[in-house]
Each structure stands twice: as structure tokens, then as C-alpha cells.
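Here is the structure we will look at, set down as C-alpha cells.
The values are calculated or read from the model by the stated rules, or taken from the named source; none is laboratory data. Computed from a predicted model, the values in this text were never measured in an experiment. Backbone-built Cβ (ideal geometry, glycine too); neighbour counts: all protein chains shown.
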Amino acid sequence: MKQAIRNVAVPALLSLAIFTTSAFAQQAPASASSSSMSSSSSMTKSHAQKRADVVEQRITDLHAKLNITDQQSKQWDAFTQTMRDNANKTDGAFRDRAQKLSSMDADDAMKSYAALAQQHAENMQKLSSAFSDLYAVLSPEQKQVADAMYRNEQAKKKAAHGSHKHSKSGAPASASSAG
């Protein structure tokens, strides 16, 4: 189940990474002109649209791979609405933080980041619950597909981590580059 949640969380995590990047990119010096501020706003909209497109593509892919039936549409719709709502909430939270970040001191910045992490955790709880409801109504064949999809993602990650050669110091390459 944890693997299934992690794979469903990929769009959210990708959004988190994108939001973090856009949050720092949106920071403008206090003396920035209003024209650069408006270009930052238009950039945010295009980033927001790209994130929404990623979520919609993920929804389309999952629907096709799982062969969702009409009888499962209630749970499916609830799951996909949760995905969309989470993406919108996260987008808004990152935009708000980005607008305020240049005037925050380090303590406030840390607290705002903690609030983002808390919101992410709450979003994942909602998504996990919606996925559990969907998973409960999937046929055994659909569950096998879902299980295989999520296991394959984890297997790919494990294979990528396991294929690192040891460095000259004898430590795994990933450990030696962590510093």
C-alpha cells in the first residue's frame, strides 16, 4: 500500500519541486519595478498551467492503465478531484510564500516552509484515503495492474540506487557524493 501511495504522490512531489523552484525564481528585489513583477506573475501562471497539465496527464494515464469502469466512477472522480484540489492548494500556498519570502526573516521563512510541509502531509493523507476508497472497488485484475505499476516504479528506483558502483574509498558512490 505504501508503494501505491508513493506512486500516486509522484505528481504531488513533482509539483512540490516545481513550486519550490518557482518560489525562489519569483523572489524579486524590494526595488524591483512593477513591470518585472507583472512578468513574474505571468511566469507563475504558465508554471501553474504546466503543473495542472502534469496532473491531468497523470489522471488520463491512470484511467487508461486501470481501465476504470462506470461503476467505479464515483470513487475515481473523488480520487481525481482530490489530486486536483491538492495541486491547487499547493500552488496557492507556494505563490503566497513566494510573494512574502523577500520580507521574511530566517525564522519566518523556516516556519513558512514547515507550514508547506504540513500542508503536503495533509494533502497526502487525503489522497491516500481517496485512493484507498478507489482501490477497494477495483477488480482483482485492476488491483494487479495498480500493484504492478507501483511496484515497478519502486523497482526502478531501487535498481538505480543499487547499480551505483563503490567509490575508491569503499563507500557506495551515493554515500560518498552526499556531502
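Here's the yes/no breakdown for (1) at pLDDT below 50; (2) of a type in the set (V, I, T); (3) more than 19 Å from L116 (Cβ to Cβ):
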{"position": "A9", "(1), (2), (3)": "yes, no, no"}
{"position": "F19", "(1), (2), (3)": "yes, no, no"}
{"position": "V54", "(1), (2), (3)": "no, yes, no"}
{"position": "M83", "(1), (2), (3)": "no, no, no"}
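Which is part of a helix (DSSP H, G or I), more than 20 Å from the chain's Cα centre (by Cα), touching a residue at least 24 places away in the same chain (Cβ under 8 Å) and surrounded by 13 or more Cβ atoms within 10 Å (Cβ to Cβ), of Q99, Q119? After ruling out the rest, the residue left standing is Q99.
Evaluating I68 against the criteria (1) part of a helix (DSSP H, G or I); (2) over 18 Å from the mean Cα position of the chain (by Cα) leaves one unmet condition, (1). Residue pairs whose Cβ atoms lie under 7 Å apart, sitting 6 or more positions apart in sequence or on different chains, and linking a residue in region 48-67 that is more than 16 Å from D91 (Cβ to Cβ) to a partner that is at pLDDT 90 or above and exposed (fewer than 11 other Cβ atoms within 10 Å of the Cβ), do not occur here.
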